[in-house]
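Peer 1: Sharing a structure with you now.
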Amino acid sequence: MGRKGGRVAAKDTNFMGPTHVAVIMDGNGRWAQMRGRPRLFGHQAGVRRVREIVEACPDLGIRYLTVFAFSTENWRRTQAEVSGLMNLFRRYIQKEAQALLEAGVRVRFIGDRDRLEPKLVDMMHALEELTAGNELLNLTVAINYGGRDEVARATQRLAREVAAGRLDPEDVDAETLASFLDTCLLPDPDLVIRTSGEARISNFLLWQSAYAEYEFSPVLWPDFTADHFAEIVSNFGARERRYGAVKA
Ligand code: FPP
């Protein structure tokens, strides 16, 4: 684990790097089409970049990495692409589980599992259990995830608590609602990166990104290397975040 020769190191003096980086991995389809290959070829290349970025995080001082692998809207793609992606997720879990365990990575999944195949859900659960004792890096993979869907599901759970008399509506504040979200165990992202030149958030971590910095890279995800990632992370260190307050 660990990338040699990186340009950025968390140990650099005065480096205030992000604790939690979230990534919208966009551009796989275009990357494949530019090569005259099926879209799934791009997603396969994308998996290799996930591995590379995961490995780069600890040296950059990043404790939480969240990646958007499949949105609640992605079901609208062709049956072939959807089932190809589901196979890819299963293969990723099967192939990477041992390496992630040994590398100190704790894996979590966010999103609505109800619509996913039971076999995949079982594998996701098993990987979460297997890596639950790890602390070096918290990798969260969003599958069948949508920010609005997550808030709606959280509200449903919260409403059930109110209906059962276990929660007083007067006590509901932002913190209460956040505790019902899929991300309740994660800090909010400091930095959200989207690749492929699109400047949209596409329903990703809507609630959690209230104070996040955004970076849009023109590079397609299958070309997005650990060096591209490290450069964006190092630029983040130079920014001043005020969370709505004025400069001290
Ligand atoms: C968006 O590119 C990408 C996806 C919908 C899938 C992302 C999945 C991976 C990178 C691989 C699997 C990840 C893990 C964690 C195992 P797009 O297809 O919308 O590209 P386009 O905009 O060029 O069409």
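Peer 1: Run down E81, E102, E117 and say which single residue is out of contact with any helix residue (DSSP H, G or I) (no Cβ under 7 Å at 6 or more places or on another chain), on the phi < 0 side of the Ramachandran plot and at pLDDT 95 or above.
Peer 2: Answer to the selection: E102.
Peer 1: Quick test for you: out of M16, M25, pick the one residue that is more than 12 Å from the ligand (Cβ to nearest atom), under 23 Å from D227 (Cα atoms) and not hydroxyl-bearing (S, T, Y).
Peer 2: Result: M16 is the single residue among M16, M25 that is more than 12 Å from the ligand (Cβ to nearest atom), under 23 Å from D227 (Cα atoms) and not hydroxyl-bearing (S, T, Y).
Peer 1: Across the range 57-72, which residue is nearest to the ligand (Cβ to nearest atom) among those that are over 20 Å from M124 (Cβ atoms) and either in contact with a Ser or Thr (Cβ under 9 Å, 6 or more places away or on another chain) or of a type in the set (D, E) (or both)?
Peer 2: Restricting to residues being over 20 Å from M124 (Cβ atoms) and either in contact with a Ser or Thr (Cβ under 9 Å, 6 or more places away or on another chain) or of a type in the set (D, E) (or both), the top hit is I62.
Peer 1: Here's a follow-up. Of the residues V219, V162, V246, only one is free of Cβ contacts under 8 Å to residues at least 12 places away in the same chain and touching a helix residue (DSSP H, G or I) at 6+ places or on another chain (Cβ under 6 Å); which?
Peer 2: Of the residues listed, the single one that is free of Cβ contacts under 8 Å to residues at least 12 places away in the same chain and touching a helix residue (DSSP H, G or I) at 6+ places or on another chain (Cβ under 6 Å) is V162.
Peer 1: Within the group A212, A226, which residue is within 30 Å of N28 (Cβ to Cβ), within 16 Å of the ligand (Cβ to nearest atom), surrounded by 13 or more Cβ atoms within 10 Å (Cβ to Cβ) and modelled with pLDDT of 95 or more?
Peer 2: Just one listed residue meets the conditions, A226.
Peer 1: Right, next: Condition check: within 11 Å of the ligand (Cβ to nearest atom), of a type in the set (K, R), more than 18 Å from A230 (Cβ to Cβ) and under 18 Å from the mean Cα position of the chain (by Cα). Does R77 satisfy that?
Peer 2: no
The values are calculated or read from the model by the stated rules, or taken from the named source; none is laboratory data. Given the structure is predicted, the values throughout are model-derived calculations rather than measurements. No Cβ is skipped: glycine too gets one built from the backbone with ideal geometry, and neighbour counts run over all protein chains shown.
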